[in-house]
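Step one of this worksheet: look at the structure below.
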Amino acid sequence: MQEANVTVNYSASERLQKLRIKKQLTWSQIARRLRLSESMLYKALRGDARFSERALFRLLQAEIAAGLRPATDLDKYLEEYNEKRSAPWGFFPQEKEESESQLTAEDKRGLGQRLRWKRQSKRMSVESLAKRCGCDPQFIREIERGEQAKPDENLIKKLAAALGVSDGWLLSGIGFMSTEEVDKFKSQRSDFPALQMLSTDELAAAFKHFEQQISMQTGGLKAIYLEFARRINSELVYRTRTWEHKEKPPD
């Protein structure tokens, strides 16, 4: 990823976090307000995708409505593109807001891991999941092996519904650790042994507290709050991701 994209994506991610905290919205609600799919929103949060100009404009409108930015910022934004306020959409180039390109090798591998893990955690075989979704079991096997570069969108939604997750989570995996990430985080847990002594409910309460406090902090203190929130969230995700089942899960 180019360095130029990192700054832009981090800024958008921070703005989304502030909006979510201020308005107490879910990510699904924010995605609907910005007219984006959840998968696109999650990619932007992770820094893996850029918002289109239209999405950035809607984000600005949402921030102004929430009182996070003054209304004059709208004028400044439009003036930057040297366009008339009477036709606010005129300055946007004709473009697709979300890429329809094929999944990358990393995306395919992640999708396959999440699908397999969730299916097995639900005690479902490939055949039973395929029957629920009305598809060929071989197609599910291909996704789990990371061989489907562009799986059918409707099928992904059916798979997600059958597994009790959102299609955005299945495609982008926010709040999910891959097998490699689990191994990496396992070796890092010793850096914060105190977190391991807390119950999952205590960790969830601590994360909620830090999340609420982040928007009230500035400078170095804000960075500390962000780091602790990230550590706590990683511990919560790790626990969920590594739950073991006594019985051997279906293949």
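The values are calculated or read from the model by the stated rules, or taken from the named source; none is laboratory data. Please read all numbers here as calculations on a predicted model, not as lab measurements. Positions of Cβ are backbone-derived with ideal geometry, glycine not excepted, and every protein chain shown enters the neighbour counts.
Data overview
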| read-out | value |
| --- | --- |
| The listed residue being modelled with pLDDT under 75 and within 21 Å of LYS22 (Cα to Cα), out of GLU247, GLU211 | GLU211 |
| Output for the stretch 182-200, where each listed residue is surrounded by 13 or more Cβ atoms within 10 Å (Cβ to Cβ) and charged (D, E, K, R) | ARG189 |
| Residue within the stretch 14-36 that is in contact (Cβ under 8 Å) with a residue 60 or more places away in the chain and among the acidic types (Asp, Glu) present | no |
| Residue within the stretch 50-68 that is of a type in the set (Asp, Glu) and under 17 Å from the mean Cα position of the chain (by Cα) present | no |
| Hits in the stretch 218-237 (condition: in contact (Cβ under 8 Å) with a residue 24 or more places away in the chain and within 16 Å of the chain's Cα centre (by Cα)) | ASN233, SER234, LEU236, VAL237 |
| All helices (runs of 4 or more DSSP H) inside the stretch 183-241 with 2 or more residues being touching a Phe, Trp or Tyr at 6+ places or on another chain (Cβ under 9 Å) | 200-214, 219-241 |
| Positions within the stretch 124-167 being touching a residue at least 60 places away in the same chain (Cβ under 8 Å) and touching a helix residue (DSSP H, G or I) at 6+ places or on another chain (Cβ under 7 Å), in sequence order | VAL126, SER166, ASP167 |
| The stretch 49-64 residues that are over 15 Å from ARG20 (Cβ atoms), paired with ones that are polar (S, T, N, Q) (beta carbon under 8 Å, 6 or more apart) | ALA49/ASN9; ALA49/SER99; ARG50/ASN5; ARG50/ASN9 |
| Filter result (more than 24 Å from THR104 (Cβ to Cβ) and assigned to a loop (DSSP other than H, G, I, E, B)) within the stretch 116-135 | LYS122, ARG123, MET124, SER125, GLY134 |
